Structure formats: C-alpha cells, structure tokens
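FYI, it's all coordinate maths here, none of it is from the lab. Just so you know, these numbers come straight off a predicted model, no measurement behind them. We place every Cβ from the backbone using ideal geometry, glycine too, and count neighbours over all the protein chains shown.
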Amino acid sequence: MIGFRLNGRDVSVDAPPTARLLDVLRDQCGDISVKEGCGEGECGACLVLRDGEPVNSCILPVALAEGAEIVTMAGLRETPQGKTLVEAFAREGAVQCGFCIPGMVMAAESLLRRNNDPDEAEIRAGISGNLCRCTGYDLIVRAIGSAAAQGKGLW
C-alpha cells in the first residue's frame with residue numbers, strides 16, 4: 001500500500017510502486033481532472049503539484065508520491081487561488097477544447113506561488129513545457145496575468 005494526501009485527504013492505494021501516478025489518480029482515486037496527453041512528460045496535460053512542485057504525473061512512479069501532498073485540478077479549483085485562475089481563464093477566452101487547461105492552471109498556480117507579480121516573460125517561462133493546440137499562448141498568458149492582478153494577496 002502506498003499512502004499520500006490527495007487534495008487534502010489521506011488516501012492509500014494498492015498499486016505496484018512503478019505504476020504511473022496518472023493512472024492511479026484516475027483509476028483508483030477517481031480524479032479525472034488529470035489528463036493524459038503524450039504519456040511521455042512532454043505536453044503538461046497531466047501536471048499535478050507534489051509538495052507544491054509541478055510534476056508530470058504520466059512519468060512519475062506512484063512510489064514517489066508516498067507521504068507527499070498531491071494537488072490536482074480537482075482540488076485546486078476549490079481554493080480561492082484556483083477559483084481566481086479558472087475565472088480568469090474563462091474571462092480572457094483562454095479555454096477552447098479545455099484539454100490542456102488543467103495542466104496550464106497547475107503550472108500557473110506553481111508560478112504564482114513563487115512570483116505573485118510575474119511579467120509576460122516570466123509567465124511564458126512558467127508555463128513552458130505545457131502545450132496548447134487550440135487557444136494559443138497569448139490568451140493563456142493574459143489570463144494568468146489577469147489572475148495575478150486580481151488575486152493580489154492570494155499567493
């Protein structure tokens with residue numbers, strides 16, 4: 001059994017230590033907010049926070065989640081920070097198909113925790129490694145900047 005905290009609650013899963021965290025989150029924990037895009041750690045659709053740091057869950061063995069705090073989009077969207085980010089993405093038109101958005105929002109959360117007043121270059125660097133095929137990055141960058149401005153004091 002492997003135990004960790006998922007979005008603020010303790011979970012214990014029966015999985016091989018080399019199972020992908022992505023599969024465990026979706027199949028055993030029922031968290032479908034985590035998406036699989038490439039399955040190789042290249043696109044960022046599966047991004048989660050492990051102890052506050054962004055990780056691609058499609059390449060992270062579940063054993064490395066042992067004892068960690070894992071936050072997914074399902075958990076983040078319930079927080080004031082997550083709500084601010086989600087509303088900014090919607091307001092700025094930064095969502096089309098929505099497939100990349102959980103990973104983009106998780107990357108934005110991680111960035112804003114480190115730097116709550118990023119400029120455009122810092123935002124672009126903060127979401128690098130996350131691919132979007134529909135919206136393009138300008139609307140996403142604008143949404144993150146808007147969330148940072150609107151959410152002063154949240155991060």
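In the chain, the longest principal axis of the Cα atoms and the axis of helix 101-114 are about 80 degrees apart. Once both labels are positioned 7 Å from their Cα atoms along Cα-to-Cβ, the gap between ASP138 and ARG5 label points is 4.2 nm. Which of the three applies to segment 77-150, rounded, prolate or oblate, going by the alpha-carbon gyration tensor with a ≥ b ≥ c and a/c under 1.5 meaning rounded? Judged from the Cα gyration tensor, segment 77-150 comes out rounded (a/c under 1.5). With helices as the sole contributors, the chain gives -9500 deg cm²/dmol at 222 nm; each DSSP H run of n ≥ 4 counts as -39500 (n - 2.57), and the sum is divided by every residue. How far is helix 137-150 tilted, in degrees, relative to the longest principal axis of the Cα atoms in the chain, given as a value from 0 to 90 rounded to the nearest 10? Computed tilt is about 90 degrees.
Here the spin labels are modelled as points 7 Å beyond Cα on the Cα-Cβ line, and at GLU36 and ASP23 they lie 0.7 nm apart. Once both labels are positioned 7 Å from their Cα atoms along Cα-to-Cβ, the gap between GLN150 and LEU64 label points is 3.4 nm.
Evaluating 6.51 cos²θ - 1.76 cosθ + 1.60 at θ = phi - 60° for every residue in segment 81-96, the Karplus couplings come out as 5, x, 4, 4, 5, 4, 5, 5, 4, 5, 4, 8, x, 8, 10, 10 Hz, glycine and proline recorded as x. Summary value for the chain: 24 percent relative contact order, contacts being C-alpha pairs under 8 angstrom separated by 6+ residues. Be a star and scan segment 115-155 for residues whose amide nitrogen sits under 11 Å from the point 7 Å along the Cα-to-Cβ vector of ARG77. None, by backbone N distance to the label point. Which one, (1) 15.6, 53; (2) 14.9, 43; (3) 18.3, 56, gives Rg and Dmax of the Cα atoms in Å as derived from the coordinates shown? Calculated Rg and Dmax of the Cα atoms in Å: the matching label is (2).
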